[in-house]
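The values are calculated or read from the model by the stated rules, or taken from the named source; none is laboratory data. Nothing here was measured: the structure is a model prediction, and the numbers come from that model. Ligands, DNA and RNA are excluded from the accessible area calculation, which covers all protein heavy atoms including side chains. Shrake-Rupley method; radii C 1.70, N 1.55, O 1.52, S 1.80 Å.
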Amino acid sequence: MSNETIFTKIINREIPADIVYEDELSLAFKDINPQAPTHLLIIPKQPIATINDITETDREVVGHLHFVAGKIAKELGVDAQGYRVVMNCNEYGGQTVFHIHLHFLAGKPMGWPPYTEKLKA
Ligand code: 5GP
């Protein structure tokens with residue numbers, strides 16, 4: 001199964017995106033439908049569909065995404081104030097694009113928990 005998504009097209013510059021960071025392993029760009037004053041997506045250039053598809057050989061690149069999050073936070077000056085990174089997985093996680101990505105959300109206080117339905121006892 002090909003795991004080429006819209007994010008591969010962004011990596012290959014086949015569709016536009018507001019790219020804020022790039023290195024040999026990763027790319028970060030503004031989310032098209034921002035949920036916070038700053039909402040970036042940090043993705044590996046190598047397509048991996050979901051967290052479930054991460055293998056031993058992907059560990060460096062997956063860890064790298066968090067390194068990039070911290071680097072961007074410092075560059076944006078939100079490191080001390082705080083921010084959230086989250087990676088959704090499959091239906092219950094709310095994943096809609098099947099190329100793993102860290103959401104980087106900053107610029108306002110985040111709420112918790114991320115669901116409103118009460119857990120049954
Ligand atoms: P998910 O729901 O998979 O965790 O997150 C996918 C994210 O990708 C969503 O927040 C959505 O707004 C964003 N997104 C989907 N298509 C595009 C696109 O073409 N360009 C950009 N910049 N973001 C996109």
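Side notes on the structure shown:
- Rounded to the nearest 10 square angstrom, I19 shows an accessible area of 60 square angstrom against a 1.4 Å probe.
- Relative contact order for the chain, counting Cα pairs under 8 Å that sit 6 or more residues apart, in percent: 29
- Solvent-accessible surface of the chain, averaged per residue with a 1.4 angstrom probe and all protein chains in place: 66 square angstrom.
- Global form of the stretch 39-121, assessed from the alpha-carbon gyration tensor, a/c cut-off 1.5: oblate
- Area accessible to solvent at I43, 1.4 Å probe radius, in Å²: 0
- Accessible surface for M110 stands near 60 Å², nearest 10, in the context of the full protein assembly shown (1.4 Å probe).
- Kirkwood hydrodynamic radius of the stretch 1-52, from inverse mean 1/r over distinct Cα pairs, in Å: 11.7
- From helices alone, the chain scores -6500 deg cm²/dmol at 222 nm; the rule is -39500 (n - 2.57) for each run of n ≥ 4 DSSP H residues, then divide by the residue total.
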